[in-house]
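Enquirer: First the structure, then my questions, so here it is.
What follows draws every value from the coordinates through simple rules; no lab data is involved. None of the values given here were measured: they were computed from a predicted structure. Note that each Cβ is placed from the backbone with ideal geometry, even for glycine, and that neighbours are counted across all protein chains shown.
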Amino acid sequence: NAGVTQTPKFQVLKTGQSMTLQCAQDMNHEYMSWYRQDPGMGLRLIHYSVGAGITDQGEVPNGYNVSRSTTEDFPLRLLSAAPSQTSVYFCASSYSIRGAMNTEAFFGQGTRLTVV
Amino acid sequence: SQQGEEDPQALSIQEGENATMNCSYKTSINNLQWYRQNSGRGLVHLILIRSNEREKHSGRLRVTLDTSKKSSSLLITASRAADTASYFCATDSVNYGQNFVFGPGTRLSVLP
């Protein structure tokens, strides 16, 4: 199994450009999330999904959109890139036990985004 | 705001020594997890401890949880150079559908 796959690995955008970060998992996990990692800040939750067709905002959602049309895919869209969105982005998936999401998360390798 | 805070921010030890990292959190949890991140890579799950557990072991890892103090510790025994990485604690957050909230991490350097 490939696990969680993120593309691209690196991206440079100009301010104001839009783009989509792709995330796919092949483990049939219900839960998927997007995090951004900045130096000294750990990981901060951007958006998450508890199943196909269901998404919700995390800690830092502004400037980002998500959708979950299938169980496998959870793309993250930057609507109008800003330098403050320069970061490393991680997608993660996890599964539930007895309806509660209290299991380990599987992470992709990350997308390093620079906005100039 | 982050739920968990690791301490220390950075730790440097010699190979063979033990490394201890601490995590404090703010609100009630169902479980607490520890992850490792090697430089430039994604996070890898190490161990999960539930709120009704006090101690858990996995190989050279020992995790403790004190819910009365809202704190956890990760002990790595007989450290190796390959243990050099950043270590994060994560707790489930009722604010985000039981999703995981991470602390800023402890950077561990194990010197040969």
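Enquirer: List the trypsin sites (Lys or Arg not before Pro) in region B:44-103 that DSSP assigns to loop (not H, G, I, E or B) and whose Cβ has at most 15 other Cβ atoms within 10 Å. Which are they?
Expert: Those satisfying the criteria are B:R54, B:R60, B:K69, B:R80.
Enquirer: Sticking with this one: Only four residue types carry charge here, +1 at the Cβ of Lys and Arg and -1 at the Cβ of Asp and Glu. Report the dipole size of chain A about the Cα centre in Debye, rounded to the nearest 20.
Expert: 340 debye
Enquirer: With point charges of +1 on the Cβ of Lys and Arg and -1 on the Cβ of Asp and Glu, referenced to the Cα centre of the protein assembly as shown, which listed residue (A:G42, B:Y96, A:P8) lies farthest in the positive direction of the dipole?
Expert: In the protein assembly as shown, that residue is A:P8.
Enquirer: Considering only the other residues whose Cβ falls under 11 Å of the Cβ of B:A78, what net charge follows from Lys and Arg at +1 and Asp and Glu at -1?
Expert: -1
Enquirer: Take the Cβ-Cβ distance between A:T15 and B:T77 as r, set R0 to 45 Å, and report the resulting FRET efficiency rounded to the nearest 0.05.
Expert: 0.40
Enquirer: So for A:H47, B:H45, fewest C-beta neighbours within 10 Å to most, what's the order?
Expert: On the way: A:H47 25, B:H45 17.
Taking fewest neighbouring Cβ atoms as first place, the list is B:H45, A:H47.
Enquirer: Taking R0 as 41 Å, what FRET efficiency do you get between B:H57 and A:Q22 from their Cβ-Cβ distance, rounded to the nearest 0.05? Spell out each step's value before the answer.
Expert: Numbers: r = 38 Å, r/R0 = 0.93.
FRET efficiency, B:H57 to A:Q22: 0.60.
Enquirer: On to the next question. Work out which trypsin sites (Lys or Arg not before Pro) in chain A are exposed loop sites (DSSP not H, G, I, E or B, at most 16 other Cβ within 10 Å) and give the longest gap free of them.
Expert: Working: sites that count: A:K9, A:K14, A:R98.
Free of exposed loop sites, the longest segment is A:15-97.
Enquirer: Want the number for A:I97 to A:D38: 0.36 nm per residue separation, take away the alpha-carbon distance, what's left?
Expert: On the way: separation 59, 0.36 × 59 = 21.24 nm, distance 3.09 nm.
Here the segment from A:I97 to A:D38 would lengthen by 18.1 nm.
Enquirer: Okay, next question. Taking the Cβ of A:Y89 as the center, what net charge do the other residues with Cβ under 12 Å away carry, scoring Lys and Arg +1 and Asp and Glu -1?
Expert: Charge balance in the 12 Å sphere: +4.
Enquirer: Hey, another quick one. Dipole of the protein assembly as shown, Cα-centred, from +1 at each Lys and Arg C-beta and -1 at each Asp and Glu C-beta, to the nearest 20 debye?
Expert: Charge dipole of the protein assembly as shown: 180 debye, to the nearest 20.
Enquirer: What FRET efficiency do you get for A:S69 and B:S68 if R0 is 41 Å and r is their Cβ-Cβ distance, rounded to the nearest 0.05?
Expert: Between A:S69 and B:S68 the formula returns 0.40.
Enquirer: Based only on other Cβ atoms within 10 Å, what is the fewest-to-most ordering of A:H29, B:H57?
Expert: By the 10 Å Cβ count, ascending: B:H57, A:H29.
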